[in-house]
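A short worksheet on the structure shown next.
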């Protein structure tokens, strides 16, 4: 039984891979192509020559036809020739394959899937595309990378020959990204590091451990070495150790990288290399003048593709290097106080098609004047004043402005953390950005469900902060909330505070007083969008603000020391 299972596995491996057609012919008997035959290549039916018949190891099958294949009149073509593939023989539908090595039968299952040309099937030839069968069985024989295919269509036999590409499928090796080396070793055979091996870290060869090997998506390559790297005597160093990079192995020459399609990658450009500068395909360098223009390395990745294994045969043995992918740090600095100016929600990040609104003194003013404070010491505070936006899930009879509801009332000072990946986490139950209900993956249904931490995708650009957060709706539909903020002027650093001018009470109802200014000074009260609402002169009786709508306002006072600016909340 084990022998039979092994034979089956071996036979399947013979088929698995990518094949192309090199010949077609037809005649009255199997192997007789006297009626018609032609080679298939770049000159004869090139759009058929480049079609691929892909037998995947998982048993699936694909016709990969590109933008053109061979068409015939029964498919609607005016004349036979190259043209856009016609359904169902267009490769859109993936099929499956089964191989009976004992009987020499290869089954292609799936309407529109085929070998060679589209029209022959078991017992006939198609006259229209709607009659395509659900499966076709071919008689095959395999010799190395060559497959002979025969099919009896009732009135004779078609024969095709297929060639396996490269003996197996192209092996794509994509090292795009930045890499750091954390291990190296050498030995007599590939994978054997018995002669010498060492980890690389902050203690062992730190100037080599912090070197970066950058594979750019455009095919360029760069060694980024900093002020020091590992030097050896062949480079002119008095002893092996850390030192200033030596030309041409100093990273000044941007090179190129090439995926050779066979699990190897070539680094092109004098002085560019992986691992150790001295190791080449023909030996180890004795001087910098021997630098090569090209070095080829065998490369593989672990399943997560964040570890890269590199081998190179230098003639007298194998060097082995292991690299880890370096994730660039994205520093997001939100330090300061912020007011929200816009919110929206939609099916994707940045898409607010479901709902969106600006926030100002007219629209949700009690939300517009909330302050989100990222303190220098890492603490975070929601400053909500006497009112904020409250919704039904918090116990409100209707969504609107009202006293904040615990724990989303700003009473719990939290903390914030820049995760160096374009996200910021706000920690502390009841602390949040934007809307209290929005948490990672969902929306709160009750105040008691408040979470201890929420992570936002954040971009800070000068005085603008944008925060996005992914959720799912009640039926599981993915969605994104989008919040925008403008930097607020902290009271502790305002021009008003610096000149000992106070605005009170704050929040205010009908009357506002401004202390330590001279009666007759011009006072302008403006909305947060810069529109002047009241222009008057300072008096001992205060300023009548009863006409103002609820919201946050700026106060500008012309004094003999210049203009001072403050802010207050109108209740």
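The values are calculated or read from the model by the stated rules, or taken from the named source; none is laboratory data. Please read all numbers here as calculations on a predicted model, not as lab measurements. Heads up, the Cβs are rebuilt from the backbone with ideal geometry, glycines too, and the neighbour counts pull from every protein chain shown.
Condition check: within 30 Å of residue 389 (Cα to Cα) and either part of a strand (DSSP E or B) or within 24 Å of the chain's Cα centre (by Cα) (or both). Does residue 345 satisfy that? In short, yes.
Residue-wise test of (1) under 19 Å from residue 278 (Cβ atoms); (2) in a loop (DSSP other than H, G, I, E, B); (3) modelled with pLDDT of 95 or more.
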| position | (1), (2), (3) |
| --- | --- |
| 163 | no, no, no |
| 166 | no, no, no |
| 173 | no, yes, no |
| 181 | yes, no, yes |
| 223 | yes, no, yes |
| 257 | no, no, no |
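Within the stretch 26-36, being assigned to a loop (DSSP other than H, G, I, E, B) and surrounded by fewer than 12 Cβ atoms within 10 Å (Cβ to Cβ) holds for 28, 29, 31, 34. Here 560, 510 are screened, and the one residue that is farther than 16 Å from residue 369 by Cβ, at pLDDT 80 or above and either in the same structural domain as residue 438 (by TED's automatic domain parsing) or exposed (fewer than 14 other Cβ atoms within 10 Å of the Cβ) (or both) is 510. Residue 230 passes every criterion in (1) touching a helix residue (DSSP H, G or I) at 6+ places or on another chain (Cβ under 9 Å); (2) in a loop (DSSP other than H, G, I, E, B) apart from (2). Evaluation of residue 198 against the conditions (1) under 20 Å from residue 263 (Cβ atoms); (2) part of a strand (DSSP E or B) shows that the sole unmet condition is (1). Determine whether the stretch 185-193 contains at least one residue that is closer than 21 Å to residue 306 by Cα, modelled with pLDDT of 95 or more and in contact with a strand residue (DSSP E or B) (Cβ under 9 Å, 6 or more places away or on another chain). Within the stretch 185-193, one or more residues are closer than 21 Å to residue 306 by Cα, modelled with pLDDT of 95 or more and in contact with a strand residue (DSSP E or B) (Cβ under 9 Å, 6 or more places away or on another chain).
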